[in-house]
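A short write-up of the structure that comes next.
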Number of protein chains: 2
Amino acid sequence: MAFKFPFRGGSRAVNGATYSDKGVPRARLPVMDEAGGASVEQVEFIEAMARWTSSIWIVTAEEGGVRYGRTVTAMMPLAPQPPTLLVSIMRDALLAEVIERTEGFSLSMLAAGQAEVADAFAGKVPPPQRFERGDWTQWPSGRPRLGQASVALDCRLSGVIDTESHLVFSGTITCTALTEDYAPLLWGARSYRQVSDD
Amino acid sequence: MAFKFPFRGGSRAVNGATYSDKGVPRARLPVMDEAGGASVEQVEFIEAMARWTSSIWIVTAEEGGVRYGRTVTAMMPLAPQPPTLLVSIMRDALLAEVIERTEGFSLSMLAAGQAEVADAFAGKVPPPQRFERGDWTQWPSGRPRLGQASVALDCRLSGVIDTESHLVFSGTITCTALTEDYAPLLWGARSYRQVSDD
C-alpha cells in the first residue's frame, strides 16, 4: 500500500510535518512496513485479543446529509487536557475517508440492551439501513448521536496517525452526554457481556 | 514541553522520518500543541471516560535486571498482520523511558482475583515492592510475565507516537500465553468489575 492521501482534503507541509488546510496534523507510523522480526502467528493474536473485554462504540460521521457508522472496540482515552481520545478505523473504510474530509466524528458507547445496534453497525445490516436500528438524533455539528447510549461524544479531528493498514484518529471532545445509569454493553470472548451486579 | 528525545537511545533521520538505531519509527503527533478550538471541560471528559469499561493490563519492562510496571487500561489492538497493539504511557513515566531504550515491553491482562496486583501497579505500592504482588516470572526476553494472567504477551517495540503528553507505543507481539478460563477483571465506573455469567 502506498500513502496516497497525505490528507484527503487539501494539505500542506510545514517543517517536514503534514497538516490539513485547517491545521490538523498527520503523522505516518509505518508499523506495517518492516517485514523483519519475529512475531506470533495471526491466529495467536486473534485468540489473545478475543480475551480483551471492553465497552462497544459506534463511530459515526456525516457528510452532505449522508450518515456513516461502524461498530468499534478499538478506542482509548489519550489525555484530559485537551480532552482527547484515539479510535482506530481500517484505512480502506468509507467512514475513515469521511472522517478525514469532514475533520470530525462522533461516538456512542452502547448500553445493555443495544446489542441490536452493535450487530447492525458491525455489518449485519447494509450501510443504508443501519441508522434504522437505534434512536438516532444529531449533534449541533450534524454528526449522528445515539439516544440511550451510555455515553455519547462529538469530536473534532485533532490528529491522524497513518499506520498503513489503519488510520488512528485523535479526537478532541466538543460535546458529551451521559445516561443516568451505568449499565454498559461489553464485548469479550466473542459474545456480548454485561458487568455483574457485585 | 519540548520534544527533547527523538529517541532516548540513538536515532537517525531518513527522508524526514525519525528511526531508532534498530529501525523503530517514531512519529510526532502534536495533538496537544494546538491551543485553539472548543472542547468540553476536563471534568466532563473524566466523567465520560469513567463509563468506559475494559480489561486491565499491567504494562512492564526490564532493564539491567530492574523491573518496571504500571496498571493501564489504555490498550487497543491495531492489526493482526503483523500482530500489533497500541498502549499509551504518560511521557514522564520511567516505564516509558525504559520501553524506549530497551525497545520492548510485556503485558499481562488481569483475571478476576488479581485486583491486588492492579492496585499495587496503579500506585498503592511503591515501585520497588510492586512485583511482590502476583506470581511473576519472565519471558525469554527477560521481561516480566504474570502467572495466572488471563493473557500474557511479550512485545518488541515497532513504533512510537509522541503526542507530547503521552507516548503511544506500538508493539508487535512475539509471545503469548493464555489461561484456560475466561474470567477477566474489568475496570468501569471507578470500580473493579467482572462479567456476568449470562
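Coordinate-derived values only; no laboratory data. All of these numbers come straight from a predicted model, not from anything done at the bench. Counting neighbours? That spans all protein chains shown, and the Cβs are built from the backbone with ideal geometry, glycine included.
Structure data summary
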| item | result |
| --- | --- |
| Per-residue mean of C-beta atoms belonging to partner chains within 10 Å, peptide B:53-65 | 2 |
| Within 10 Å of each Cβ in B:145-155, the average number of Cβ atoms from other chains | 2 |
| Average partner coverage of B:107-116, which counts Cβ from other chains inside 10 Å | 1 |
| Inter-copy label distances at B:ILE46 (7 Å, Cα→Cβ; nm, one decimal) | 4.1 |
| Shape of segment A:52-189, Cα gyration tensor, a/c cut at 1.5 | rounded |
| Value of relative contact order over chain A, rounded to a whole percent, pairs C-alpha under 8 Å and six or more apart | 25 percent |
| Label spacing, shortest first and in nm, from B:GLN148 to its equivalents in the remaining copies (7 angstrom along Cα→Cβ) | 4.0 |
| Gained length - B:VAL125 relative to B:GLN148, 0.36 nm times residue gap less alpha-carbon distance | 6.3 nm |
| Two-decimal ratio, the protein assembly as shown, of alpha-carbon radius of gyration to 2.2 N^0.38 Å | 0.94 |
| Alpha carbon centroid spacing (whole Å) that separates segment B:87-127 from segment B:134-184 | 10 Å |
| Inter-copy label distances at A:PRO80 (7 Å, Cα→Cβ; nm, one decimal) | 3.8 |
| Descending principal axes extents, segment A:63-121, alpha-carbon based, whole Å | 33, 29, 21 |
